[in-house]
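Peer 1: Please read through the structure below; I'll follow up with questions.
Readers should treat all values here as calculations from the given coordinates under stated rules, not as data from a laboratory. Remember, it's a predicted structure, so these values are computed and weren't measured experimentally. All Cβ positions, glycine included, derive from the backbone under ideal geometry; neighbour counts span all protein chains shown.
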Amino acid sequence: MNRILLADDHPMIRTALEVLLRDTEFEIVGTAGSGEAALAEAERLKPDILLLDLQMPGGTGMDVLRRLRAEKSLLKVVLLTAAIDDSSLLEAKALRVEGMALKNSDPAFLLDCLQSVREGRIWYDAELAERARQLARKFRPGRFEMLAPRERQLIGFVRRGLRNREIAEQLGVTEGTVKVYMHAIFEKLGVSTRTELAIRADEFLADRS
């Protein structure tokens, strides 16, 4: 499992990574400069690992990751980024991305990451792993017992992909009322996007113990 598709829109980064991986067990079999191109090349080349920049035109790295997971692709993905916000970090972890490496870290760490992913292990940069642990502690067991039954119902609707108008029709209330409920849910759970709420819905709705 050594064939790598490199997706990054900066030619200098692509060149640097090609030099780094030269004479290693990893072979770059293709490159892409946009999210759309990354998906097309992944389908065409069937690489073992996609080394994926987080910020690209024509679909971000997160867009590509979501698409691959939605399609049940077996392609292993390593996110390579200069920075990642909390919401994207939580989403990437929820989507079970195999690796996350920082561009400003020691190049040897990227080689460690690729080796671990090749062997079927998960590898996150230590800084990102610690941030993920801190975020997880914010949502320790029992945190979500404060949710009202109606709020839990709304989270279930969001998990199914319903928009506010559709939820309002289901509940027989106004769309404005749904927006008020959603704002309260976001505040209680500390989430910042609807996508994060949907991805973590099972965690929020888990049976209370």
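Peer 1: Which entries in the list LYS46/LYS93; LYS72/LYS93; LYS93/LYS188; LYS72/LYS188; LYS76/LYS103 go over 25 Å, if you measure between the two C-alpha atoms of each?
Peer 2: LYS72/LYS188
Peer 1: When the Kirkwood hydrodynamic radius is evaluated over all pairs of different C-alpha atoms of segment 143-204, what value in angstrom, to one decimal, is obtained?
Peer 2: Hydrodynamic radius (Kirkwood, Cα only) of segment 143-204 equals 11.5 Å.
Peer 1: Between the DSSP loop rule and a limit of at most 14 other Cβ atoms within 10 Å, which GluC sites (Glu not before Pro) in segment 1-102 are left?
Peer 2: Taking segment 1-102 and a limit of 14 other Cβ atoms within 10 Å, the loop GluC sites (Glu not before Pro) found are GLU25, GLU71.
Peer 1: First measure r as the distance between the Cβ atoms of SER105 and ASP202, then evaluate 1/(1 + (r/R0)^6) with R0 = 25 Å and state the FRET efficiency to the nearest 0.05.
Peer 2: Using R0 = 25 Å, I get an efficiency of 0.20.
Peer 1: Would you kindly compute the Cα radius of gyration of the chain and its largest Cα-Cα separation (Dmax), both in Å?
Peer 2: 19.4, 64
Peer 1: Additional query: Where does the chain land at 222 nm, in deg cm²/dmol rounded to the nearest 500, when only DSSP H runs of n ≥ 4 count, each adding -39500 (n - 2.57), divided by all residues?
Peer 2: Value at 222 nm, helices only, nearest 500: -15500 deg cm²/dmol.
Peer 1: Here's another thing I want to ask about it. On a 0 to 90 degree scale, rounded to 10, what angle separates helix 126-138 from the longest Cα axis of the chain?
Peer 2: Tilt relative to the chain: about 10 degrees.
Peer 1: Another question about this same structure. Give me the net charge of ASN164's neighbourhood, meaning all other residues with Cβ under 15 Å from the Cβ of ASN164; Lys, Arg count +1, Asp, Glu -1.
Peer 2: +3
Peer 1: To continue, here is another question. Return HIS183, HIS10 ranked ascending by Cβ neighbour count within 10 Å, so the fewest neighbours appear first.
Peer 2: HIS183, HIS10
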